[in-house]
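Some notes on the structure that comes next.
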Amino acid sequence: MENEQQDSSTIDRKEQLLTIALQMFAQQGYHKTKISDIVAAAGVSQGTFYWHFKSKEAIAMEMIQTGREQILSVISKGYRSNSGTVQDSVQASKELFEQLFFFAENNRYFMELLFRGIRSERILQKMIDQTRFDIERSFSKNIQRAIQLGILPAAKDPALQAALLMGLVEGIIARWLFNNQESSAAIQEMTAKELASEIVRFEFFGLLGI
């Protein structure tokens, strides 16, 4: 029992460090955040940090990888196994985007890091770029599957449609969560469900050509 409690405490401490570092990287920037800042906010020693992570780059790599797996898991739920009506597809797509926007809302610091990037660090930026590419590719697979099932017209180009959809989703999330300009006020007041309804309406007008 004592060992189990120690293991749980160790995991909790690691998660705490990841959470604090992610928020600091997103708000202050990667280079402006020092390990000493992270451990001070966590109330632990630098030795505790190095017990879990070899370096600041290592903690950044883990948070990007974890966020990538989580967001791809959300999008993969939209992959259809059975055919259905257009209305079925609209509803399934709406549910997918609701979950995607809920994820963005609950993981805003990861999304901010994903959009902002860490361009001065080649390895980290490559991971971020790969994550965004994988998200777009997941959209493409979903669209391609809908074409195979006869839900969407075969003439559509999944890669192009996914790129357009990716741009739309990124733009909406950025304005919803991070843009304080007056022009985005209406978007910022919307809920995840409302945004999902709007984006699905726009998506299907474009994908179905109606």
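The values are calculated or read from the model by the stated rules, or taken from the named source; none is laboratory data. Only a predicted model underlies this, so the values are computations on that prediction, with no experimental measurement involved. In this analysis, Cβ positions are derived from the backbone assuming ideal geometry, glycine residues included, and neighbour counts consider all displayed protein chains.
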Seminar exercise, completed: Residue hits (segment 49-61; within 30 Å of residue 179 (Cα to Cα) and surrounded by 16 or more Cβ atoms within 10 Å (Cβ to Cβ)) are 56, 59, 60, 61
Exercise. Looking at this structure, is residue 137 closer than 21 Å to residue 18 by Cα, more than 13 Å from the chain's Cα centre (by Cα) and assigned by TED's automatic domain parsing to the domain that holds residue 179?
Worked result: no
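Let's see how each residue does on (1) closer than 19 Å to residue 199 by Cα; (2) in the same structural domain as residue 143 (by TED's automatic domain parsing); (3) among the small types (Gly, Ala, Ser); (4) buried (at least 17 other Cβ atoms within 10 Å of the Cβ):
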{"position": "11", "(1), (2), (3), (4)": "no, no, no, no"}
{"position": "14", "(1), (2), (3), (4)": "no, no, no, yes"}
{"position": "27", "(1), (2), (3), (4)": "no, no, no, no"}
{"position": "31", "(1), (2), (3), (4)": "no, no, no, no"}
{"position": "36", "(1), (2), (3), (4)": "no, no, yes, no"}
{"position": "47", "(1), (2), (3), (4)": "no, no, yes, no"}
{"position": "79", "(1), (2), (3), (4)": "yes, yes, no, no"}
{"position": "92", "(1), (2), (3), (4)": "yes, yes, yes, yes"}
Seminar exercise, completed: When restricted to 80, 68, the only residue outside any helix (DSSP H, G or I) and either in contact with a helix residue (DSSP H, G or I) (Cβ under 7 Å, 6 or more places away or on another chain) or of a type outside the set (D, E, K, R) (or both) is 80
Problem set entry | Residue within segment 65-76 that is surrounded by fewer than 19 Cβ atoms within 10 Å (Cβ to Cβ), outside the structural domain of residue 100 (by TED's automatic domain parsing), at pLDDT below 95 and on the phi < 0 side of the Ramachandran plot present | no
Exercise. Quick check: is even one residue across segment 141-159 surrounded by fewer than 13 Cβ atoms within 10 Å (Cβ to Cβ), out of contact with any helix residue (DSSP H, G or I) (no Cβ under 7 Å at 6 or more places or on another chain), assigned by TED's automatic domain parsing to the domain that holds residue 93 and at pLDDT 90 or above?
Worked result: no
Exercise. Are there any pairs, at least 6 apart or on different chains, whose C-beta atoms fall under 7 Å, with the first in segment 97-113 and over 19 Å from residue 142 (Cα atoms) and in contact (Cβ under 8 Å) with a residue 24 or more places away in the chain and the second of a type in the set (Phe, Trp, Tyr) and surrounded by fewer than 17 Cβ atoms within 10 Å (Cβ to Cβ), and if so, which?
Worked result: 112/178
